[in-house]
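Student: Okay, handing you the structure first.
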Amino acid sequence: MLLLEHNDDGALGVVLNRVVDRTIEQVWEAVEFDPCDCQQQLNQGGPVPGPLIALHTSKKLSEKQILPGLYMSMQKHTVDPLVRQSKHPFRLYTGNSGWGGGQLEGELQQGGWLTTQAQVDDVFAEPDEVWDEVTKRIALGVLLPGRDPKSAPDDPSLN
């Protein structure tokens, strides 16, 4: 889960590792945009219906910065060029995950979530690999605070 927005009114995020069995080209036809030839898979951001959300690296097409080098767009005039030109890495999400005011804080207080600092690479990692990468970072942060998780070998027997 990547948190995109958080304030007193609530929070908005997307699931990073859930892919939908539809391409962006198919979705573009369904929402009545001009056809495109983007064969990239669509991602399921969560169970809450909402506008398509693009996470990408193009500052020029950005509506909001999420992390240094990672931007969000939801409006047709910024998402459409991403999908058509594909010069910048991007992921497109249908649906999102949302929390009402104070709800996420309550879940965090009860230990319902493990947290770590997000990285741009998390968004563009292969969906079946992102969970392992992020949980490894969390575990190393707990076991070896202050150590860079990227310096740990993939094989723990090499320690």
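Student: Does GLN26 satisfy being touching a residue at least 60 places away in the same chain (Cβ under 8 Å), over 23 Å from THR135 (Cβ atoms) and out of contact with any strand residue (DSSP E or B) (no Cβ under 6 Å at 6 or more places or on another chain)?
Tutor: no
Student: Can you report the number of residues in the range 31-63 which are touching a residue at least 24 places away in the same chain (Cβ under 8 Å) and either of a type in the set (S, T, N, Q) or in a strand (DSSP E or B) (or both)?
Tutor: 11
Residue-by-condition table, conditions (1) closer than 21 Å to SER58 by Cβ; (2) not in a loop (DSSP other than H, G, I, E, B):
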| residue | (1), (2) |
| --- | --- |
| LYS87 | yes, no |
| LEU92 | yes, yes |
| SER97 | no, yes |
| GLU105 | no, yes |
| TRP113 | no, no |
| ALA118 | yes, no |
| VAL123 | yes, yes |
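Student: Return the total of residues in the range 13-22 being outside any loop (DSSP other than H, G, I, E, B) and closer than 17 Å to ASP122 by Cα.
Tutor: 3
Student: Related question: If GLN39 passes every condition in (1) farther than 22 Å from LYS87 by Cα; (2) in contact with a strand residue (DSSP E or B) (Cβ under 8 Å, 6 or more places away or on another chain); (3) exposed (fewer than 13 other Cβ atoms within 10 Å of the Cβ) but one, which one does it miss?
Tutor: With (1) farther than 22 Å from LYS87 by Cα; (2) in contact with a strand residue (DSSP E or B) (Cβ under 8 Å, 6 or more places away or on another chain); (3) exposed (fewer than 13 other Cβ atoms within 10 Å of the Cβ) applied to GLN39, the lone miss is (1).
Here, each number is a calculation from the coordinates, and none is a lab measurement. All values reported here derive from a predicted model rather than from experimental measurement. Positions of Cβ are backbone-derived with ideal geometry, glycine not excepted, and every protein chain shown enters the neighbour counts.
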